[in-house]
Amino acid sequence: MRLLTPFVNEPLTDFTREENYRKMKEALDHVRSQLGREYPLIIGGKEVYTREKIVSRNPSCHSESVGLVSRADRDLAQQAVEAAAKAFPAWKNVPPEARARCLLKAAAILRRRKFEFSAWIVLEAGKNWVEADADTAEAIDFLEFYAREMMRLAQPQPLTPYPGEENILEYLPLGVGVVIPPWNFPLAILVGTTAAPVVAGNTVVLKPASNTPVIAYKFMEVLREAGLPGGVVNYLPGSGGEVGDFLVGHPQVHFINFTGSKEVGLRINALAAQIAPGQKWLKRVIAEMGGKDAIIIDEECNLDEAIAGTLVSAFGFSGQKCSACSRLIVVGKVYQEVLDRLAAKVALLKVGPADEYGVDLGPVIDQASFNKIMQYVEIGRREGRLLVGGKGDDSRGYFIWPTVFADVPPGARIAQEEIFGPVLAVIPARDFDEALAIANDTEYGLTGGVYSSNRFHLEKARREFHVGNLYFNRKITGALVGVQPFGGFNMSGTNSKAGGGDYLKLFMQSKVVSERF
Ligand code: NAP
């Protein structure tokens, strides 16, 4: 392990190169040839088929089934917790370097199957090629990064020397955990939230999001090939409401690693706080939740860069990112110019099936999201002035055109509630101070951005813009593992900082042994 190179981020794929374009086309054909297959649960390393199925659909073409995935009930959830508990004593005693090697091996397999995984993401989650490739690259990053983090934390930890004594601090795993990821980074977040507790020596029940269970199954194939013993990760697709509550409330569970909406996160937090009979510990809840993220465009800035950064931040993956820009706050006299230039650029964005190369916005994830976002579009028509977009078409896939509302009051629903779709509210501000006050005036605090060439304004934002990830003169999405550890404030969650040096400790407890000689 001494030969291990320092962590570097996985490079993104340049699809303008003929070779990469061809490989992605071939991967899409390959994955298409596998659509509609059946997938089992995996409990204690064994496959379990159920009669009840989750039908995973291609959001670009909802008549197309991506796969039929077995659906767990409470009995199977109980078996999964038991399997994880049974695997824990052996797994926690596997040396940390050996656990880390499983992650490094999984990263290598994923890298070899990179185009295939991106193709699954295109067809199951509706990401365009570039977004899908970034998702796969981030998954590889999490594996590589957390493997190195575990090796770092397994080293002797610095303590103040004390005469006549030996003192040693060691990090130990917690036990059985439940991992509940969302569908919007169907590979990256799934992989990151699973790999971290596992490399730390815990065993888990992984309940994937019901919209993207096939990608999760494909990752289970990778873990098996990487040599992870059965029972360390138990794959348990099922309804969040039915098996989710059961798993969270289970007395044998030590921690819940959740990423998703505020509503579900709060429910999990409350449920996990209740002590079940026989439970001897407090459950830890890691809950990374929603956002209502803002970009401020200052009077003095490079407007070309500001408009380009806003477009990518607001409409990448149709705005279905927790970090997406959903409020654009424009200071003073540049307001009208920003509106004109933004409207012209948004009108050029191409909407279409995610597997078509060059599409800017694919579909939104499902019918419920489509309906919810279109309702917000109607609310927006009353609360602001429709500048561009406003159209949806769910006849074949769940397509919504990028939509911008101007003159939105800061307290409007479309300026306060997470829409999670391609809808941007533009809010005018008199001056920079007012812009900052508007930016901070939601219950969330995940990402934020400022485009400005005024040093004093940037410094003020550095101090007062209350978000976990703040970006100056660049887009506010696409945090890189190791470079920008990610997690927000307030109702955006527990600030776990995924992809950072503090993350693994969330799944560990430290023990100090002191011996006097
Ligand atoms: P969601 O509806 O909250 O679902 C997330 C996960 O929770 C899914 O696996 C879901 O299962 C499960 N779930 C639902 N009800 C549950 C319950 N009662 N108990 C336990 N688990 C339950 O969120 P989503 O629509 O998948 O994802 C979008 C949300 O995630 C947005 O709010 C976004 O901002 C947030 N997000 C945050 C971050 C971050 O780092 N802060 C990153 C990405 C996304 P089912 O699929 O079966 O319902």
>> Tell me yes or no: at least one residue of region 16-36 is part of a loop (DSSP other than H, G, I, E, B) and in contact with an Asp or Glu (Cβ under 9 Å, 6 or more places away or on another chain).
In response: yes
>> Among the residues that make up region 429-441, is at least one of them within 16 Å of the ligand (Cβ to nearest atom) and either modelled with pLDDT of 95 or more or under 23 Å from the mean Cα position of the chain (by Cα) (or both)?
In response: no
> In region 215-242, what count of residues is obtained for those that are over 21 Å from the mean Cα position of the chain (by Cα) and either modelled with pLDDT under 95 or crowded, with 18+ Cβ neighbours inside 10 Å (or both)?
Replying inline: 5
> Take the residues of region 219-257 that are out of contact with any strand residue (DSSP E or B) (no Cβ under 7 Å at 6 or more places or on another chain) and β-branched (Val, Ile, Thr): which is nearest to PHE142 (Cα to Cα)?
Replying inline: VAL222
>> Which pairs turn up if I take residues in region 424-452 that are farther than 26 Å from MET374 by Cα and look for partners that are in a strand (DSSP E or B) and within 16 Å of the ligand (Cβ to nearest atom) with beta carbon separation below 6 Å, at least 6 apart in sequence or on another chain?
In response: GLY449/TYR471
> Given the conditions (1) part of a helix (DSSP H, G or I); (2) buried (at least 20 other Cβ atoms within 10 Å of the Cβ); (3) aliphatic (A, V, I, L, M), which single one is not true for VAL408?
Replying inline: (1)
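One line per residue, one yes/no per condition, for (1) within 26 Å of GLY231 (Cβ to Cβ); (2) assigned to a helix (DSSP H, G or I); (3) free of Cβ contacts under 8 Å to residues at least 40 places away in the same chain:
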site	(1), (2), (3)
PHE88	yes, yes, no
TRP91	yes, yes, no
LEU103	yes, yes, no
LYS127	no, no, no
ASP141	no, yes, no
TYR146	yes, yes, no
GLN155	no, no, yes
> So, in region 276-323, of the ones that are at positive phi and in contact with a Gly (Cβ under 9 Å, 6 or more places away or on another chain), which residue ends up surrounded by the most Cβ atoms within 10 Å (Cβ to Cβ)?
Replying inline: SER318
>> Please determine whether any residue of region 191-209 is more than 21 Å from the chain's Cα centre (by Cα), over 24 Å from PHE486 (Cα atoms) and more than 16 Å from the ligand (Cβ to nearest atom).
In response: no
> Here are some conditions: (1) closer than 20 Å to GLY319 by Cβ; (2) out of contact with any Cys (no Cβ under 9 Å at 6 or more places or on another chain); (3) surrounded by fewer than 23 Cβ atoms within 10 Å (Cβ to Cβ). ALA429 meets all but one. Which one does it not meet?
Replying inline: (1)
> When residues of region 478-514 are filtered for being among the charged types (D, E, K, R) and part of a loop (DSSP other than H, G, I, E, B), how many remain?
Replying inline: 2
>> Looking at region 367-386, can you tell me whether even one residue there is over 24 Å from PRO409 (Cβ atoms), within 15 Å of the ligand (Cβ to nearest atom), touching a strand residue (DSSP E or B) at 6+ places or on another chain (Cβ under 8 Å) and not in a strand (DSSP E or B)?
In response: yes
> Out of region 213-240, which residues are touching a helix residue (DSSP H, G or I) at 6+ places or on another chain (Cβ under 9 Å) and of a type in the set (Gly, Ala, Ser)?
Replying inline: ALA216, ALA226, GLY227, GLY230, GLY231, GLY238, GLY240
>> If the requirement is being crowded, with 23+ Cβ neighbours inside 10 Å and of a type in the set (A, V, I, L, M), which of these qualifies: ALA125, ALA98?
In response: ALA125
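Yes or no, residue by residue, for (1) basic (Lys, Arg); (2) not assigned by TED's automatic domain parsing to the domain that holds LYS391:
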{"position": "PHE246", "(1), (2)": "no, yes"}
{"position": "GLY260", "(1), (2)": "no, yes"}
{"position": "VAL264", "(1), (2)": "no, yes"}
{"position": "LYS280", "(1), (2)": "yes, yes"}
{"position": "GLY309", "(1), (2)": "no, no"}
{"position": "PHE317", "(1), (2)": "no, no"}
> Restricting attention to region 213-265, which residues are without any contact (Cβ under 8 Å) to a residue 24 or more places away in the chain and near the ligand (Cβ under 7 Å from one of its atoms)?
Replying inline: GLY241, GLU263
>> Please go through (1) within 23 Å of the chain's Cα centre (by Cα); (2) more than 23 Å from PRO186 (Cα to Cα); (3) in a loop (DSSP other than H, G, I, E, B) for ALA415 and return the number of the only condition it doesn't satisfy.
In response: (3)
> So, in region 358-385, of the ones that are touching a helix residue (DSSP H, G or I) at 6+ places or on another chain (Cβ under 6 Å) and in contact (Cβ under 8 Å) with a residue 60 or more places away in the chain, which residue ends up farthest from GLY309 (Cα to Cα)?
Replying inline: VAL364
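The values are calculated or read from the model by the stated rules, or taken from the named source; none is laboratory data. In this text the structure is predicted, and so the values were computed from the model without any measurement. Cβ: placed from backbone, ideal geometry, glycine included. Neighbour counts: every protein chain shown.
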